[in-house]
Amino acid sequence: MLMRARRILCVGFLVLSGPQWVLAQSSPYVNDFLQMGLGTRALGMGGAPFVSIADDPSAIYWNPAGLTQIPRKEVEATYRQRYGGLFKDQEISSVFPMNKSAFGFSYFQTTVGDVPVVRELSQSEENSFVSNAGDLPAASFSNTRDSALFMSWADVPIENLSIGVTGKIINRNFLDTLHAWGYGLDSGALYRKGPWGLGLSFQDLLQGLKWKGNDPNTNEDLSYNESAQIGVRMGVSYTMQVIEGGTTLTGSLSGERVGSGFWPRLGTEFNYRFIRFRGGLSINASDPQSDSGFKSSYTYQPSFGLGATVKSFELEYGLRFHPLGMIQSFSLNYKWGLNPNDINLTLPRHKLVLNKKTPSEDTSEMQSLMSLLNSDSSDSYAKRQ
């Protein structure tokens, strides 16, 4: 019955996702402060290629279906500077696995400080400035902050296939005069078979953003609604073992919908012992609203990344070259809780041997052992043997 319910959920997920992507037409700039996504690892791989990997807390944004791959509890903190330090991003994310399901949340905010604000000149002031070279009105300075709260859930309805959804609450501010609250719903699917990974994610399937405040020039009351363009990412990845002992190389190719075009992204990650090297390339249209697709001018945005593991901590650095300025990101990830791979280390006196029984018997034996570990009752378990 549970398996049937999960299959129905999977079909419903796909039916919900597809039509809205086809029918929706809106602006790609509404939630532009989230365009670089969460985390540092994905940034170093070009962003979108992570949709078919999605095995750290940043999957909350890139593809929530990937949360089912995370075996231990994780928390990740990220700090990023964009465009030469003009924008500053802060993020904290956490994931909690639960059998075949997983739950995650993230809080993200971006700030811009000391924005000069000069009110619009009246006709008489404009004439005076042109004819008499008068002084412009003095500029005031303001700070602006945008933020988003993400809440995700993922499950495995069918073997090798996971699906996930992310709900988000958006808060946006324009100087000190306009403020907006909104919501959004993202979804994703991930299929993994051996070294292959196939990922698909939709952003802002359901969404809305309502602005209220005063016009900074006329001080008139304003109230209007905006809707974000539905985002689509799809990709494929392949991981191969280069050297025995855990040295692997992962390559990923993906496409991302930006404006009216669908643009390619490339990413790779080389894992050597406790150090990771990453590279990526994003190709973007100079004008995301252009209808000419690849016929319009486009830009190349290379990215690089480094990572290192120290016990339960992971340190990440990412760098991306953008036409508006360099983007740098730093992350610290901490993992805790029981990892199934550590069972023999946790119980050195009682080596776990799963007999060749039926799958249900093996599963029951594993669940019993996990319960004993969580209750610190390994000694009593030994006595019963």
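The values are calculated or read from the model by the stated rules, or taken from the named source; none is laboratory data. Computed from a predicted structure; not experimentally measured. For neighbour counting, all protein chains shown are included, and Cβ atoms are generated from backbone atoms with ideal geometry for every residue, glycine included.
Odds and ends about this structure:
- Restricting region 141-165 to residues that are of a type in the set (S, T, N, Q) and more than 11 Å from Ala189 (Cα to Cα) leaves a set whose member that is surrounded by the most Cβ atoms within 10 Å (Cβ to Cβ) is Ser152.
- Taken together, Val112, Val11 contain a single residue that is modelled with pLDDT under 90 and within 15 Å of Gly188 (Cα to Cα), which is Val11.
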